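The values are calculated or read from the model by the stated rules, or taken from the named source; none is laboratory data. On a predicted model such as this, the values are computed, not experimentally measured, just so you know. A quick note on method: Cβ atoms are made from the backbone with ideal geometry, for glycine too, and the neighbour counts reach across all protein chains shown. Heads up: the accessible areas ignore ligands, DNA and RNA and are worked out on the full protein's heavy atoms, side chains in. Shrake-Rupley method; radii C 1.70, N 1.55, O 1.52, S 1.80 Å.
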Amino acid sequence: MKILANDGLAQNAIDHFLNEGIEVDTNHYDKEELMKVGGDYNVIVVRSNTKIDREVAEALKGTNTSLVIRAGVGLDNIDINACKEVGIDVDYTPHSSKNAVTELVLGQMINLSRFLSLADRTTKEGQWNKKLYNGHEIAGKTLGVIGFGRIGQSLGEKALALGLKVIYYDLYKVENDYAEYFELDDLLKNADYISIHLPSLDKPLIGKRELDLMKETSILINYARGNAIDEEALIEALKNRKICGAAIDVFPNEPKVNEKYFELDNVALTPHIGASTYEAQNNIGNEIISIVDNYFGDKK
Ligand code: MLT
C-alpha cells in the first residue's frame, strides 16, 4: 500500500505507516505531475497547497487511489462531488488545530494592540519610538467571534481568561454560559476585536458595508478562509483608518498575496500558518492514522 502526503505529513504518522510496511511519499507534485502519478497511491493526503479539483479527480478515476484526506478543518480545496463521482472517498481532520489557530489569533490581538512587529522592525532599524507605541490592553474589551464552532469556542474560552467579554455570531445559537449571541451587524458595531472562524464561503461576508459598521478602533482577524473578506474593501478601510488594524493569514488566491497590503503598517500578514504547530500537526497525524486504519482495516 502507498500513501502520498503531497503537502507533507507529521513524523508520527510517517513512522506509524512505515512500521506497518506502508510506503509514504512526502514529495510535492504540482497539478500536472499529480494527475500523472497520483493514481499510483492508495491514499492522497493534502493540506491547503494542493487542490483536488475536478480535473485531478477525473485523472485519478479507476486508479489505485480510493481515499483523499484533507489534513485540516476545511474541505474547500477538494471537489467532493467530483471525487464521489469517480469513486474516491474524502475525509478530513477537524479536531486537531483549534489550539494552534486560537493561540495565534490571541497573539495577533496583542501584536496589533501593542505594535509588537512594528516596534521590533523599527527598533532593529535603530529607531527609538517609545512615545509612538503607546498601545491598548485587551483586558476589558469585547471580542466578537464570527463562527462559533470548535475553533471559535476555543478562542472564546481562552479570551475569557484574558479578561475579554465574548460575543458571537453564527447561523445557529450555540448553548454556552459565557458568550452572548449577537446578530452580525450588532456584533460588528460592538466588538473591539473581530475574529472570523467560518468555513469557505461563496461570497465575502465582510465587505465595505460591514467594515463601515465597525468601530474605528477595531481590529479584524481572519485565520479562516481568504474569501470571507472583500480584500479591496479591507485594504481601503485600513488605508483610510476606517478600522484600526487587521491580521490576515488566509488569502483568496494563495500563495499570491495582494501587494497593496505591503504598503500598510496596520496589517499583520502570515502565510496560512494557523495550523502550523508541531502539536497540531502531530494530532492531525494521529487523526490520519485512525482514518486510514478504519478505512482499510486488515486490507492494508
Ligand atoms: C485547515 O483547514 O485546517 C488549514 O487550512 C490547514 C492548512 O494549514 O493547510
- Residue identified as farther than 27 Å from residue 223 by Cα and either in contact (Cβ under 8 Å) with a residue 60 or more places away in the chain or out of contact with any strand residue (DSSP E or B) (no Cβ under 9 Å at 6 or more places or on another chain) (or both) among 37, 101, 45, 86: 86
- Message: Of everything in segment 216-245, what is among the charged types (D, E, K, R) and within 16 Å of the ligand (Cβ to nearest atom)? Give them in sequence order.
- Response: 225
- Query: Which of the residues spanning segment 81-112 are among the hydrophobic types (A, V, I, L, M, F, W, C) and under 23 Å from residue 151 (Cα atoms)?
  - Reply: 90, 100, 101, 104, 105, 106, 109, 110, 112
- Message: Can you find a residue that is open to solvent by less than 30 Å² (accessible area, probe 1.4 Å), under 21 Å from residue 107 (Cα atoms) and not in a helix (DSSP H, G or I) anywhere in segment 150-162?
- Response: no
- Query: Consider residue 93 against the criteria (1) under 17 Å from the mean Cα position of the chain (by Cα); (2) farther than 14 Å from residue 281 by Cα; (3) open to solvent by less than 60 Å² (accessible area, probe 1.4 Å): it satisfies all of them except one. Which criterion is unmet?
  - Reply: (2)
- Task: Look through 279, 210, 231, 254 and report the one residue that is touching a Phe, Trp or Tyr at 6+ places or on another chain (Cβ under 9 Å), in contact (Cβ under 8 Å) with a residue 24 or more places away in the chain and acidic (Asp, Glu).
- Result: 231
- Item | From 101, 90, residue being within 12 Å of the ligand (Cβ to nearest atom) and either outside any strand (DSSP E or B) or of a type in the set (Val, Ile, Thr) (or both) | 101
